[in-house]
Amino acid sequence: MAQQVEIEFKNSLTKKEYINLLKDLNLSENDGYVQENYYYDTKDWKLKNRNSALRIRLFSTSAELTLKTPLGEDLLETTDSLSLKEAKQFLNSQSIKTDGYVAAKLAELQIHPEDLYVFGSLITKRCEKKITQGLIVLDESSYGTKKDYELEFEAASRKMGKVYFEQFLKKHSIKKRPTKNKIVRMMESI
């Protein structure tokens, strides 16, 4: 999986908007899947201070280690696949994989794997719908005692994605709201 550019548009949703979109997109909550996200940084927030994020994400049968770093208006995602067993071992030992694409990118940033620790987590129930213009994602995220809802749209082109996303919001009578990344929302809750 190595690296890919993430071109993404986000908007926070009310619970009612979330439920309405599930219906409008012919999705049910049963169509979703759960992902557990565990976030790493150094004690002095070297990743956060570089507008970057590192996480281990657990799925039902697999896992991945992903580092997100700024790339112009977008993000560069550097990812290593992990087995579920491997990921749980890293989480239990508060460590990460010391070889692979993510480790190489961390070395470029002069961040040492032994300085990283898990500082927070969140669980997301995700429903996705692939369309010609890209991927529509509906997320229900829980962290601490909070729960929130979010619409994401992933596109191949920033220009075309922005136009489609704005039309989508208008079509579904959803007010445009600035939306912080999940890691930021989770950090603000702790």
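The values are calculated or read from the model by the stated rules, or taken from the named source; none is laboratory data. All of these numbers come straight from a predicted model, not from anything done at the bench. Counting neighbours? That spans all protein chains shown, and the Cβs are built from the backbone with ideal geometry, glycine included.
Summary of computed values
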{"quantity": "Only listed residue being within 15 Å of the chain's Cα centre (by Cα), in a strand (DSSP E or B), modelled with pLDDT under 95 and of a type in the set (A, V, I, L, M), chosen from L54, L75, L67", "calculated": "L75"}
{"quantity": "Count - residues of region 126-143 that are surrounded by fewer than 16 Cβ atoms within 10 Å (Cβ to Cβ) and under 16 Å from the mean Cα position of the chain (by Cα)", "calculated": "2"}
{"quantity": "Conditions (1) under 18 Å from F59 (Cβ atoms); (2) in a strand (DSSP E or B): number failed by I96", "calculated": "(2)"}
{"quantity": "Residue selected from region 148-190 under the condition among the polar types (S, T, N, Q) and part of a loop (DSSP other than H, G, I, E, B), by the criterion nearest to A53 (Cα to Cα)", "calculated": "N181"}
{"quantity": "T42 being among the polar types (S, T, N, Q), buried (at least 19 other Cβ atoms within 10 Å of the Cβ), touching a helix residue (DSSP H, G or I) at 6+ places or on another chain (Cβ under 8 Å) and touching a residue at least 12 places away in the same chain (Cβ under 8 Å)", "calculated": "no"}
{"quantity": "Sole residue being closer than 15 Å to F9 by Cα and modelled with pLDDT of 95 or more, chosen from E140, E150", "calculated": "E150"}
{"quantity": "Pair list, Cβ < 6 Å and 6+ apart or interchain, from region 20-39 residues that are under 29 Å from Q94 (Cβ atoms) to residues that are in a helix (DSSP H, G or I)", "calculated": "Y38/L91; Y39/I183"}
{"quantity": "In region 146-188, residue surrounded by the fewest Cβ atoms within 10 Å (Cβ to Cβ) [restricted to those that are of a type in the set (S, T, Y) and more than 14 Å from the chain's Cα centre (by Cα)]", "calculated": "S173"}
{"quantity": "Only one of N92, N20, N51, N30 that is surrounded by fewer than 16 Cβ atoms within 10 Å (Cβ to Cβ), more than 30 Å from S173 (Cα to Cα) and out of contact with any strand residue (DSSP E or B) (no Cβ under 7 Å at 6 or more places or on another chain)", "calculated": "N92"}
{"quantity": "K130 free of Cβ contacts under 8 Å to residues at least 12 places away in the same chain and more than 26 Å from L47 (Cβ to Cβ)", "calculated": "yes"}
{"quantity": "Answer from L47, L22 - the residue that is outside any strand (DSSP E or B) and over 21 Å from N181 (Cα atoms)", "calculated": "L22"}
{"quantity": "Of the criteria (1) hydrophobic (A, V, I, L, M, F, W, C); (2) part of a helix (DSSP H, G or I); (3) more than 17 Å from the chain's Cα centre (by Cα), which one V102 fails", "calculated": "(3)"}
{"quantity": "First in region 73-94 and closer than 21 Å to H112 by Cβ, second anywhere and part of a helix (DSSP H, G or I) and among the basic types (K, R), Cβ under 9 Å, 6 or more apart", "calculated": "L76/K105; T78/K105"}
